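The values are calculated or read from the model by the stated rules, or taken from the named source; none is laboratory data. Fair warning: this is a prediction, and the values are worked out from it, not measured in the lab. Every residue, glycine among them, receives a Cβ derived from its backbone with ideal geometry; neighbour counts consider all protein chains shown. Only protein heavy atoms, including side chains, enter the accessible area calculation; ligands, DNA and RNA are left aside. Shrake-Rupley method; radii C 1.70, N 1.55, O 1.52, S 1.80 Å.
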Amino acid sequence: MIHISLPDGSKLEVAPGASLLEVAGAIGPGLAKAAVCALVDGTLRDLREQVNKDATVTFFTRGSQEALSVLRHTTTHIMAQAVKRLFPQAQLGIGPAIEDGFYYDFGVDQPFTPEQLALIEEEMRKIIASAYPIERLEVSKAEAEKILREHNEQLKLELLADLDDEAITMFKQGEFIDLCRGPHFANTGEVKKDAFKLLSVAGAYWRGDESRPMLQRIYGTAWESKKDLAAHLEKLEQIEARDHRKLIKQLDLVSFHEEAGAGLAYWHPKGGRMRVIIEDYWRKLHYQGGYDIVFTPHIGRAQLWETSGHLDFYRDGMYAPMNIDGQDYYIKPMNCPFHIMIYKSRTRSYRDLPLRWAELGTVYRYERSGTLHGLLRVRGFTQDDAHIFCTPDQVEDEILRVLDFSLNLLRGFGFEEFKIELSVRDPNKPGKYAGEDAMWAQAEASLVKALDTRELPYERMEGEAVFYGPKIDIKIKDALNRTWQCTTIQFDFNLPGRFDMTYIGEDGAEHRPYMIHRALLGSLERFFGILVEHYAGAFPVWLAPVQAMVIPISDRHNDYARRVADTMKAADLRAEIDTSSSRMNAKIRNAQMQKIPYMLVVGDKEMNAGSVAVRLRSGEDLGAMSLDDLMAMMKRKVEEKALL
RNA sequence: GCCAGCGUAGCUCAAUUGGCAGAGCAAUUGAUUUGUAAUCAAUAGGUUGCCAGUUCGAUUCUGGCCGCUGGCUCCA
């Protein structure tokens, strides 16, 4: 007999070779019915697999994340079966479950059209209705090869060649057979015919390799119920409604221009106003936080970029040089070498350190045309960059300081949830990193210590460090629970040496300073795009480009309305006045669609009482208020960074 | 960069199987002076992304380029 450990700590004895389904049955018939897959010693398994030795087993039932992933994996097989029926020549690539859905890659001569997706969906419903048992076959490599040859699945044969001889499994449903690790449902009928949807087709390189053929990838989504599917589709609609590319146009914030070049943003007056607010807040916090602010040029001589190593390692991301007086100059893709110039402008003493220099530095990077995406991926952008130069024994304090500083800054913009990643060296490849082991160890320890001191949960990413140092990345979660990478805090064991940076220590000798790069918002363009999506364009009062629209009911109220707006402007509140010939209703609608937080209606009553009737963007009517009370309230909302 | 799709008025979208390009909103002008999400009317607005080619004729067909979208890829 073998022993199965269960999550509740209990143990179960079963005969060797029992299937997981039988194990579930031994626990209870209900579980055997509800279970979809099982985690056996850390690996997700099909219920038809056998257990032959002692193991720890956790069963997952319908509704669990793991079961959803099995559902999606099974759905993608059904899709592949449908595609093979409709397009027998299609070659099967890979077809995994992904977050919220699945895809399958097919090698076909003609890309799929949206109409064909509908046909494929139809065929999938037939396959579901046929309720084919899904058979799990354990085969030898030779057998698998034979089967795949019979089915002429060239791509699968290529995958098979890379597999170990052990544990090759295939899944068969009806006439369809696929090389697959599983797990799967036991029957195609278990997928709900009205709870999946094919979403899009896109090209994808075979095995993600540009030099290999491009396959056609069909994306789809699948859920436990029609209701879940509907909820998911609604979420997709919400995401679309928040799309910053739409909103920056509607709200007249930022534009792009074909005739002026891709990936280059133009900030309109209202977007510019918001950017100034963001930058002012940023500068204030930086001065308070012990930073100094510097300004550096946009171009620098080739020699600088040779010394920094950018021309060796980052040339593809840089624009071609321009020749000035016989010298090549490059537009900067980063600010670091420039800050180092300032550092090297005089001898530095240990008494000067730490030096914290921040710059809203505009950089240009060549991004491949296909990667450009609204404000989130551009070719010219302003980094909220800073470099900290310090002694080795200051490193720990500095990291903690940056961490606190970043979270505080991001919270100021209304982000409360964070996901933190610590990227460290790949222990198996010690050769590919700059800097000494001791420095790496100390740097990593200081990063870990800072995270632990603040009791911040983080994910450790082995081998994800850049070659010049370990780093902490902070991702923010937005209103739709999507994560966006903003902050990066990186050690640099490369540039101080390349530029031969030194400081004079207490001992009178020269020492090499530690250098930390950090960008908190990342790029202002990108962060602005994230803000727009997070708030769906309805910004908190302190950020709103127009905070209040004064709405005179008729022309005879215009003068009073103007006085209201002027009084507010004089008090640093951003008020505008709508003197168009529209009716009040239309003026309200326009202000509403511009997502202006406060609408101040003024008519005879207000004019005589010296008040304003306040309507919020939310639709709430606050009634009449004195102008002083309103301004005090708005000032408070600005101070509190309140939404409304 | 690659695969696919798309590009018509400031915006959102019609239409042309190759034959004078249309609507709503916005704009302008006039009338209206209105109490919490669209007052009425008139006017103007286009080398149909750009450049070639085929054709009697191209917005429509072909090629190239630019840009956008969905992915792939990349991300010091």
Seminar exercise, completed: Subset of the range A:599-614, residues out of contact with any helix residue (DSSP H, G or I) (no Cβ under 7 Å at 6 or more places or on another chain) and either near RNA strand B (Cβ under 8 Å from one of its atoms) or within 21 Å of A:Tyr535 (Cβ to Cβ) (or both), comes to A:Asp604, A:Lys605, A:Glu606
Problem set entry | A:Glu455, sole failed condition from (1) away from RNA strand B (no atom under 12 Å from the Cβ); (2) assigned to a strand (DSSP E or B); (3) open to solvent by 50 Å² or more (accessible area, probe 1.4 Å) | (2)
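For the range A:566-589: of the residues being in contact with a strand residue (DSSP E or B) (Cβ under 9 Å, 6 or more places away or on another chain) and among the basic types (Lys, Arg), which is farthest from RNA strand B (Cβ to nearest atom)? If you could, list the steps in order and put the result at the bottom.
Initially, the range A:566-589 is screened for residues in contact with a strand residue (DSSP E or B) (Cβ under 9 Å, 6 or more places away or on another chain), giving A:566-569, A:573-579, A:584, A:587-588.
Right, trim to among the basic types (Lys, Arg) and you get A:569, A:574, A:587.
Numbers: A:Lys569: 22, A:Arg574: 19, A:Lys587: 8 Å.
Once the filter is applied, the top-ranked residue is A:Lys569.
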Exercise. Taking the condition farther than 23 Å from A:Thr371 by Cα, within 16 Å of RNA strand B (Cβ to nearest atom) and open to solvent by less than 50 Å² (accessible area, probe 1.4 Å), does A:Leu251 pass?
Worked result: yes
Seminar exercise, completed: Restricted to the range A:338-356 and to residues being of a type in the set (A, V, I, L, M, F, W, C) and in the same structural domain as A:Thr502 (by TED's automatic domain parsing), the residue farthest from A:Tyr319 (Cα to Cα) is A:Leu353
Problem set entry | Top-ranked residue in the range A:79-93 [being of a type outside the set (S, T, N, Q) and surrounded by fewer than 19 Cβ atoms within 10 Å (Cβ to Cβ); ranked as nearest to A:Gly174 (Cα to Cα)] | A:Arg85
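Hey, can you tell me all the residues within the range A:150-162 that are in contact with a helix residue (DSSP H, G or I) (Cβ under 7 Å, 6 or more places away or on another chain) and free of Cβ contacts under 8 Å to residues at least 24 places away in the same chain?
If we filter the range A:150-162 for residues that are in contact with a helix residue (DSSP H, G or I) (Cβ under 7 Å, 6 or more places away or on another chain), which is where we start, we get A:155-157, A:160.
Matches in the range A:150-162: A:Leu157, A:Leu160.
Kindly establish whether A:Arg207 is assigned by TED's automatic domain parsing to the domain that holds A:Val70, closer than 24 Å to A:Ile120 by Cβ and open to solvent by 70 Å² or more (accessible area, probe 1.4 Å).
Working: assigned by TED's automatic domain parsing to the domain that holds A:Val70: yes; closer than 24 Å to A:Ile120 by Cβ: yes; open to solvent by 70 Å² or more (accessible area, probe 1.4 Å): yes.
When the stated conditions are applied, A:Arg207 passes them.
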Exercise. Restricting the first residue to the range A:342-355 and requiring it to be closer than 17 Å to A:Glu506 by Cβ and touching a residue at least 60 places away in the same chain (Cβ under 8 Å), which pairs with a second residue that is open to solvent by 90 Å² or more (accessible area, probe 1.4 Å) and of a type outside the set (D, E, K, R) meet a Cβ separation below 6 Å and a spacing of at least six or different chains?
Worked result: none
Seminar exercise, completed: Across the range A:184-202, the tally of residues that are open to solvent by less than 10 Å² (accessible area, probe 1.4 Å) and part of a loop (DSSP other than H, G, I, E, B) stands at 4
For this session: Could you please let me know if A:Phe171 is within 16 Å of RNA strand B (Cβ to nearest atom), touching a Gly at 6+ places or on another chain (Cβ under 7 Å), under 19 Å from A:Gly220 (Cβ atoms) and not in a loop (DSSP other than H, G, I, E, B)?
Result: no
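Of all residues in the range A:542-569, which are among the hydrophobic types (A, V, I, L, M, F, W, C) and more than 24 Å from A:Gly271 (Cβ to Cβ)? Even if it seems obvious, please write down each step before you answer.
At the first step, the residues of the range A:542-569 found to be among the hydrophobic types (A, V, I, L, M, F, W, C) are A:542-544, A:546, A:548-551, A:553, A:561, A:564-565, A:568.
The answer is A:Ile553, A:Ala561, A:Val564.
What are the residues in the range A:67-76 that are buried (at least 23 other Cβ atoms within 10 Å of the Cβ) and more than 17 Å from A:Glu122 (Cβ to Cβ), if any? Steps first, answer last, please.
Taking the range A:67-76 first, the residues buried (at least 23 other Cβ atoms within 10 Å of the Cβ) are A:70-76.
Scanning the range A:67-76 gives A:Val70, A:Leu71, A:Arg72, A:His73, A:Thr74.
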Seminar exercise, completed: When (1) loosely packed, with under 15 Cβ neighbours inside 10 Å; (2) under 22 Å from A:Lys156 (Cα atoms) are applied to A:Glu122, the one that fails is (2)
For this session: Tell me, please, whether a residue that is assigned to a helix (DSSP H, G or I), of a type outside the set (S, T, N, Q) and surrounded by fewer than 19 Cβ atoms within 10 Å (Cβ to Cβ) can be found in the range A:546-556.
Result: yes
Seminar exercise, completed: Of (1) modelled with pLDDT under 95; (2) away from RNA strand B (no atom under 16 Å from the Cβ); (3) among the basic types (Lys, Arg), A:Arg482 fails just (2)
Seminar exercise, completed: Subset of the range A:180-206, residues touching a residue at least 40 places away in the same chain (Cβ under 8 Å) and either within 25 Å of A:Ala144 (Cα to Cα) or more than 35 Å from the chain's Cα centre (by Cα) (or both), comes to A:Cys180, A:Gly182, A:Pro183, A:His184, A:Phe185, A:Ala186, A:Asn187, A:Thr188, A:Gly189, A:Trp206
For this session: Could you list all residues from the range A:271-319 that are β-branched (Val, Ile, Thr), touching a helix residue (DSSP H, G or I) at 6+ places or on another chain (Cβ under 9 Å) and more than 26 Å from A:Leu400 (Cβ to Cβ)?
Result: A:Thr296, A:Thr307
For this session: State which residue is farthest from the chain's Cα centre (by Cα) when the search covers only the range A:41-56 and only residues that are open to solvent by less than 20 Å² (accessible area, probe 1.4 Å) and closer than 16 Å to A:Glu13 by Cβ.
Result: A:Val51
Exercise. Among all residue pairs at least 6 apart or on different chains, which show Cβ distances below 9 Å where the first residue, located in the range A:303-329, is within 16 Å of A:Phe499 (Cβ to Cβ) and more than 7 Å from RNA strand B (Cβ to nearest atom) and the second is assigned to a loop (DSSP other than H, G, I, E, B) and among the aromatic types (Phe, Trp, Tyr)?
Worked result: A:Trp305/A:Tyr314; A:Thr307/A:Phe499
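Residue by residue through the range A:379-412, note down the ones that are part of a strand (DSSP E or B) and farther than 18 Å from A:Trp357 by Cα. Reasoning before the result, please.
Taking the range A:379-412 first, the residues part of a strand (DSSP E or B) are A:380-390.
Answer for the range A:379-412, where residues must be part of a strand (DSSP E or B) and farther than 18 Å from A:Trp357 by Cα: A:Gly380, A:Phe381.
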